[in-house]
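Bear in mind that the values in this text are calculations on the coordinates, not laboratory data. Treat the numbers as computed from the prediction; the structure is a model and nothing was measured. Please note: Cβ atoms are built from the backbone with ideal geometry, for glycine as well, and neighbour counts cover all protein chains shown.
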Amino acid sequence: MLAHHQRIVITGVGLAAPGASNLHEFRKQVLDGRSGIQEIDLRYFGTAPAGLCSIPETKYRKKKENKKGTRAGCLGVYCAHEALLDAGLEQSVYDKARTGVYIGLTEHGNVETENEIYHLKQYDYDVAYWSHHHNPRTVLNNPAGEITVSLGITGPHYSIGAACAAGNASLIQGVQMLRLGEVDMALAGGVSESTGSFGIFASFKAQGALAEAAAPEQACRPFDQKRNGIVVSEGACIYVLERLDRALQRGARIYGEIVGYGMNSDAKDFVLPFDQRQAECMELALAKAGLRPDQIDIVSTHATGTKQGDAEECRAIRSVFQGTGSPFINNTKSIIGHAMGAAGVLELAANLPSFDDQLVHPTINLDDPDPECLLENLVVGEPAQGSTLSTILNNSFGMLGINSAVIVQAYRGSS
C-alpha cells in the first residue's frame, strides 16, 4: 500500500466538446468566447438549443464497432485514445492489468431504451424485435468497458454515478486508487450522450428548467437576469493520471497536480441546491489541499443558468472567499452548455491552460447581471490577464444534493 500523500498529476487530456475535439481547439474556443451551441430537433419533443460534438468517429475503431456500442462509448473511446496519445503513452509503459478506467456518468441507457421502443413501434411493440445489444449497451459500466475493450486494458473499470458531479468524482476516484496502490495509471473522466434522449429535454422542460432563446448560442446565460434554464450538451473528457515519481521518471509533461478535493451531500432536496453544503464542500477541498481561500487563483463555477442554482452557488462562493482578495471566477457552460457527467472535467480542461498562458477565459451571455449573483472578479466577455495563475478550484454539483470540488495546482517541483 502506498502513502496517502503520494502526489498525483495530470499528464494527458483527451476531449470532445461542443465546438472542439482537442484541448488546443477547446482553449482557443473558450478564450474567444465562441459558443458551441446550436439548435437540434428531437423526435416527439421538437427543437431546442443543445451542444453537439463532432469527432473523427472512426479514428480509433471501425464504424461497425461504433454501431455495436453506444454514443457514450464512442466518445469515451475517442477521448481515452487521445489522452494516452497526448501523454506520450500510446505505447504504454504501464502494465494494462495495473491500469484503471473510471468514468463519471449522470445518466446512461436512456438513449438506447428510447431508441429500442421507437424501433418496436413499427412492429406493433412486439418485443421479439428488441435488440440483443440492449443489455451490454445499457449497463452502467458500458462507456468504461468499451474503453477497456478498445485499448486491451485488463485492470479495473467502472462508472461512477454522481449526477452532474460525476466528472469530478471520477478524478477523485482515480487519485484514491493510485494512492492506495490499486493501479499504477488511471484514465479518469466523464462522458455524456444526453442530447440523444428526448426524455431528458422533456423532463427539464416540465421542471421549468430548460433554456429557451431566439438564438441558440445565447441560450446558456449563467448569472444573467434573463437566464431561464439549462442547455443540454453531449461531451466527454478523459485524463491520464499518474503518480508524480513515475511521471518524472518517464519525462512526462505535467499539466497540473490534483492537490485537494471534497465531496458531500445536501441531504435536503431531490433537485434544489443548498449553498451551505456547497460552501462546506469547497472548504473540505481547501482543507485537504492545505490551502487558504486567498491561495486560489481561479474558481470554475458549476452554474447552469437556472434561477435558484446560480444564486445558491454564488452565495456559497461569497461565503468561502469573502474578504480574501477574490480569485478570478468564470463559467464554461455559458460557452458549451451543460455536458452533465462530463461537465466538471470539461470545465477543468477549459481552465488548465491558464497555468501556461496566464489568461482566464470569459463567461459569455452575461448582459444584465442578477444582483443575487454578483461575484467579485467574475470574468465577463473578454479574457482576463493574470500574472501568477497557479491554482484552480473546480466546482460541480448535481441532483439529489451531491456536491464536489477539485483543486488542481501548477506543478511546482518534486520536493
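With charges only on Cβ, +1 for K and R and -1 for D and E, what is the dipole size of the chain about its Cα centre, in debye, rounded to 20?
Computed about the Cα centre, the dipole is about 1000 debye.
Gain in length, L120 to E212, computed as 0.36 nm per residue apart minus the alpha-carbon separation, to one decimal in nm?
29.9 nm is the gain from fully extending L120 to E212.
If I take all pairs of Cα atoms in the range 260-409, what percentage of them are more than 20 Å from each other?
That fraction is 42 percent.
In the structure displayed, which of K205/K268; K121/K226; K62/K96; K121/K268; K59/K307; K288/K333 lie more than 30 Å apart, Cα to Cα?
Violating the 30 Å limit, Cα to Cα: K121/K226; K121/K268; K59/K307.
Starting from the Cα gyration tensor of the chain, multiply each eigenvalue by 5, take the square root, and state the resulting semi-axes largest first in whole Å.
Ellipsoid half-lengths, sorted descending, are 30, 28, 18 Å.
Starting from the eigenvalues of the Cα gyration tensor, five times each then square-rooted, give me the equivalent ellipsoid semi-axes of the range 167-221, largest first, whole Å.
Calculated on Cα positions only, the semi-axes equal 37, 12, 10 Å.
What net charge do the residues around Q276 carry, taking every other residue with its C-beta under 15 Å from that of Q276, with Lys and Arg at +1 and Asp and Glu at -1?
-3
Ratio of alpha-carbon Rg to the 2.2 N^0.38 Å globular estimate for the range 133-278, to two decimals, please.
Scaled against compact globular proteins, the figure is 1.28.
Identify, among Q295, I317, P273, the residue whose Cα sits farthest towards the positive end of the charge dipole of the chain, taking +1 on the Cβ of Lys and Arg and -1 on the Cβ of Asp and Glu, with the dipole about the Cα centre.
It is Q295.
Which of the chymotrypsin sites (Phe, Trp or Tyr not before Pro) found in the range 27-64 are loop residues per DSSP with 10 or fewer other Cβ atoms within 10 Å of their Cβ?
Answer by residue number: Y44.
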